[in-house]
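Presented below is the structure to which this report refers.
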Amino acid sequence: MTHATLARTPEPAPGPESLPTPSAAPAPQHNRMRALDGLRILAALMVCVFHYAGKGQASEVWNGSPKELFPDLSAFATYGSLGVQLFFVISGFVICMSSWGRSLGDFFRSRVSRLYPAYWVAIVLTTAACVALPWVSKPLRLDEVLVNLTMLQQPVGVGRVLGVCWTLWVEARFYLLFALFVVWKGVTYRRVVIFCCLWTVAGGLARVADTPLTDEIVMRDHAPFFIGGLALYLIHRYGSDLLLWGIVATSWLLGQRYATTALWDPNATNVYLERSPYVILLIVTFAFASVAAVALGWLRWANWRWLSVAGALTYPFYLVHEHLGWFTIAILRRYFGLEPRLTFVTTIVAMLVLAWLIHRLVEKPFGPRLKRTMKRQAERLAVRLRT
């Protein structure tokens, strides 16, 4: 899912001779990035609605099936998990944008300072809630909670404190691949295009190999969404190009196939809510098309300041909304007897308020401080190594 801070786009760097010159390249507009913020909060709300009303496990906290409590909403909410795919397309776009002109060290420090402070707070809050109210969700052992602080719990084989953190592991692998093959020597048009093409081919070969290791490295089911986002940023930066649109089209074709096979099974008999493969295709198409609209500047009019605020809340909201939202629902239902729909809305608002507090009290003060500290220490180490 993208969790990158939307930075101001740097001036276009020189590309191949066949590309527009830097002066002729379209100048990125700040309001386009606000539109991207709007897509980010939309994706987060889609996932939130899925966890509250489209997932069978939510029946325990509601003390009743969401399918019966929200008959109309549940039919829509079951597709909310596709907000993750929208996140991944946005992530490819934003990571390519924010890493342009940065060194490998800068890229690493920006990811660590952006992801970890809010993540650590979410781990602590969720663990505390599990200890206080184990009847809603049982807490993990202390050793498991401590491993979760590294964000490496999945490859280590440890249970997750946050259900949504599986997407962070996907994002982390994308960052690693992009850093090793692109950022290491400097982000350029040519390197990004080659990376997109090779990653696409590697995804097909990984499906042929069908081994757990290659699947973990190549991420064949998620790669098309990141690749599509990368190509769309190049379109945003340099203008339309048949090669780039070919990469986007290929990514869309592969992405819709992977999403359909992952979320729809024609032979399934024990499912919470049935999904339509055509609706899945429609939502995946929207994910690519909406980011393409941002890349082409069609959403310049979406220049409202509140979108920037919403974009800033997306990451902390995404982290806390699932488990802490379930705790809030259980309390409102069990101790206050609140009506289901009012509980639903109140919980979303409460999670947005909590996300704002985490952003203001944790991300804004500690993220930049952590980044500056790591940079100073890296500079001191560089001096020592030279002397």
For Leu140, the lone unmet condition from (1) touching a residue at least 12 places away in the same chain (Cβ under 8 Å); (2) more than 19 Å from the chain's Cα centre (by Cα); (3) closer than 25 Å to Gly92 by Cα is (3)
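Would you check if Glu216 is within 22 Å of the chain's Cα centre (by Cα), charged (D, E, K, R) and at pLDDT 95 or above? Break it down into steps so the answer makes sense when it comes.
Values: within 22 Å of the chain's Cα centre (by Cα): yes; charged (D, E, K, R): yes; at pLDDT 95 or above: no.
In short, no.
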If you take the residues in the range 202-245 that are out of contact with any helix residue (DSSP H, G or I) (no Cβ under 8 Å at 6 or more places or on another chain) and of a type in the set (S, T, N, Q), which one is nearest to Ser98 (Cα to Cα)? Ser240
Do the conditions hold for Ile123, that is, is it free of Cβ contacts under 8 Å to residues at least 60 places away in the same chain and either in contact with a Leu (Cβ under 9 Å, 6 or more places away or on another chain) or of a type outside the set (A, V, I, L, M) (or both)? yes
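How many residues does the range 224-243 hold that are within 18 Å of Thr285 (Cβ to Cβ) and either without any contact (Cβ under 8 Å) to a residue 12 or more places away in the chain or surrounded by 24 or more Cβ atoms within 10 Å (Cβ to Cβ) (or both)?
So the answer is 8.
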Considering only residues of the range 244-264 that are of a type in the set (Gly, Ala, Ser) and crowded, with 17+ Cβ neighbours inside 10 Å, which is farthest from Ala289 (Cα to Cα)? Ala259
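Matching residues to (1) modelled with pLDDT of 95 or more; (2) touching a Gly at 6+ places or on another chain (Cβ under 6 Å):
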site: Gly38; (1), (2): yes, no
site: Val49; (1), (2): yes, yes
site: Val61; (1), (2): no, no
site: Glu68; (1), (2): no, no
Looking at Val218, Val192, Val112, Val121, which one is closer than 23 Å to Pro368 by Cα and surrounded by 20 or more Cβ atoms within 10 Å (Cβ to Cβ)? Val121
Would you pick out the residues in the range 115-171 that are β-branched (Val, Ile, Thr), assigned to a helix (DSSP H, G or I) and more than 17 Å from Tyr318 (Cβ to Cβ)? Thr127, Val131, Val145, Val147, Val156
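The values are calculated or read from the model by the stated rules, or taken from the named source; none is laboratory data. From a predicted model like this one, the values you see are computed outputs, not experimental measurements. When we count neighbours, we look across all protein chains shown, and the Cβ atoms used for this are built from the backbone with ideal geometry, even at glycine.
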